[in-house]
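Accompanying notes for the structure given below.
Read-outs throughout are calculated quantities, based only on the coordinates presented, and are distinct from any laboratory measurement. Note that the structure is predicted; figures quoted are calculated from it, not measured. FYI the Cβ positions are ideal-geometry reconstructions off the backbone, even for glycines, and counts take in every protein chain you see.
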Amino acid sequence: MIATRKNPVAAHKQLDVKKLIARLEKVHPDAKLDLDFTNPLELLIALILAAQARDDLVNKVTVELFKANRSAADYANTPLEKLESKIGKINFYRNKAKAIHNCCEQLVERFNGKVPDNLEDLVSLSGVGRKTANIVLANGFGQQAIGVDTHVMRLSQRMGFTKKTDPNKIEADLTVIVPEKQRVRFCHLMQYHGRRICLAKKPKCPECTVKALCPFPGKTKA
Ligand code: SF4
């Protein structure tokens, strides 16, 4: 499905998305991915660590982790206990250490140690779901992919861009209405707006610059 005159609902939403991006750009010009990385491998490792963990904590832990591990082979050759001790401050560190270890073993065995730049291969890796894969493609390889995290999901639902709850279906709905060149920017802006204004429990609707575009029935009052 594409947004055309024959598909007026999608065309209307696409117009709203364009307005939304323009308005959010003014209030969150600093929006970006908050994880520190210098290459796709570091980004992939940081994203595995960031599941249900704060980005600033992940950034603290990865300073030493990235210094000690320069390649996928480095992670694959590090004993699991040692990897666990390096990321022990992060929640679920045992599972995450195992995921990193397995993922890097697969990178070495199947991809010559390189992070693949396509969705199919990325999601075949241990510990890598579609959201993580899309964020790697978007931020590590400059592709216009939509990673549906908790903020993108919540705001897209509140803004009326989707009625779905499954992230894969939300991604499909957004792919129809978010202009291709702006998909990564859209995600970064939604994430910042979700953290600063459109909070999960009590959104700050009275001070929201996109409230006129938002049909959410549970808007808060001043
Ligand atoms: S008006 Fe409220 S619910 Fe709608 S986007 Fe703004 S903060 Fe979120």
Relative exposure of 85, 71, 156, judged by other C-beta atoms within 10 Å (fewest first) = 85, 71, 156
Backbone N within the stretch 90-110 under 15 Å of label point (7 Å from residue 73 Cα along the Cβ vector) = 104-110
With Cα coordinates, the longest principal axis of the chain makes an angle with the long axis of helix 40-50, in degrees rounded to 10, of 80
In degrees, nearest 10, the alpha-carbon axis of helix 183-196 is tilted away from the dominant principal axis of the alpha carbons of the chain by 80
Quick calc, the chain, dipole around Cα centre from Cβ unit charges on Lys, Arg (+) and Asp, Glu (-), nearest 20 debye, gives 1300
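By counting other Cβ atoms within 10 Å of each Cβ, how are 75, 93 ranked from fewest to most?
Ascending number of Cβ neighbours within 10 Å: 93, 75.
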What does the charge count near residue 76 come to, summing +1 for each Lys or Arg and -1 for each Asp or Glu among other residues with Cβ under 14 Å from its Cβ?
-> +2
Classified through the alpha carbon gyration tensor (a ≥ b ≥ c as square roots of its eigenvalues; rounded if a/c is under 1.5, else prolate when a/b is larger than b/c, else oblate), the stretch 40-140 comes out oblate
Quick calc, residue 19 & residue 219: beta-carbon distance into FRET formula, R0 25 Å, rounding 0.05, result 0.90
Note on the stretch 73-128: alpha-carbon gyration tensor, axes a ≥ b ≥ c; rule is a/c under 1.5 for rounded, else prolate if a/b larger than b/c, else oblate; result oblate
To the nearest 0.05, how large is the calculated FRET efficiency for residue 180 and residue 7 if R₀ is 25 Å and r is the Cβ-Cβ distance?
-> 0.95
Which of 209, 132 has the fewest Cβ neighbours within 10 Å, and the rest in rising order = 209, 132
